[in-house]
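Note sheet for the following structure.
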Amino acid sequence: KDTTYTINASGDVTHTTVTDKDGNTTQTTHTIDDAGRRTAVTTGDTTTDQVWDAAGNMTKDRHNTTIEYNPDNKPTTLAISTPEQAQVSIAYWADGSRRSATTKTPGNEQTTTFHYTPAGTLANDTTDGLTA
């Protein structure tokens, strides 16, 4: 594959061209707002939007994943548009560090709990009773 990028004066990628080994090309245009955020991606005749809230948090990505935030602008819920329709819920300790992430798909739920050292670095995590 060969990929060519076009950037604007701010250094944002506004256009990509991907050429595969057979010489076929795919053109993609990235719409950038005044804040330098990508707000839409157009490939061929298909445009997908990315949506941002007033605080600058992405609330919907180009893959149609929606994201909700707490008042501290930390993500709390991701609804992922995949064939499984996964949802990830994130909880935080009182100090603001990530406490757990629970992933739910139809018929399955898995929670990972995060543990930190007194210095604030990740010490280990626990998933389904296994600690790493």
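Work out from phi, with θ = phi - 60° and the Karplus expression 6.51 cos²θ - 1.76 cosθ + 1.60, the ³J(HN,Hα) of each residue of segment 42-55, listed in order in whole Hz, and give x for Gly and Pro.
10, 10, x, 9, 10, 10, 10, 8, 10, 10, 10, 8, 5, 7
Using the Cα centre of segment 1-54 as the reference point, and only Cβ charges (+1 on K/R, -1 on D/E), how large is the resulting charge dipole? Debye, rounded to the nearest 20.
It works out to roughly 160 debye.
With a 1.4 Å probe and every protein chain kept in, tell me what percent of the accessible surface of the chain is carbon plus sulfur.
The nonpolar share, carbon plus sulfur, comes to 49 percent.
Which of rounded, prolate or oblate describes segment 61-132 when judged by the alpha-carbon gyration tensor and an a/c cut-off of 1.5?
Because a/c hits 1.5 or more and a/b fails to exceed b/c, segment 61-132 counts as oblate.
To the nearest 0.05, how large is the calculated FRET efficiency for residue 48 and residue 14 if R₀ is 22 Å and r is the Cβ-Cβ distance?
0.90
For a test of understanding, tell me how many lysine pairs in the chain have Cα atoms under 20 Å apart, given they are 8 or more places apart or on different chains.
Lysine pairs meeting both conditions in the chain amount to 4.
Give me the Kirkwood hydrodynamic radius of the chain in Å, from all C-alpha pairs, to one decimal place? Each step should come with its number before you reach the end.
Numbers: mean 1/r = 0.0562 Å⁻¹.
Roughly 17.8 Å, rounded to one decimal.
Rank these by accessible area, largest first, 1.4 Å probe: 45, 22, 125.
45, 22, 125
Residue 33 to residue 127: FRET efficiency via 1/(1 + (r/R0)^6), r the Cβ-Cβ distance, R0 22 Å, to the nearest 0.05?
Once rounded, the FRET efficiency stands at 0.05.
In terms of solvent-accessible area of protein heavy atoms at a 1.4 angstrom probe, what is the ranking of 122, 130, highest value first?
130, 122
First measure r as the distance between the Cβ atoms of residue 22 and residue 79, then evaluate 1/(1 + (r/R0)^6) with R0 = 41 Å and state the FRET efficiency to the nearest 0.05. Can you show the working numbers first?
Working: r = 37 Å, r/R0 = 0.90.
According to the calculation, E is roughly 0.65.
The values are calculated or read from the model by the stated rules, or taken from the named source; none is laboratory data. Predicted model, so just to flag it, every value in this text is computed and none were measured. Cβ sites come from the backbone with ideal geometry, for glycine too, and all protein chains shown count toward neighbours. Note: accessible area is taken over every heavy atom of the protein model, side chains too, but ligands, DNA and RNA are not part of it. Shrake-Rupley method; radii C 1.70, N 1.55, O 1.52, S 1.80 Å.
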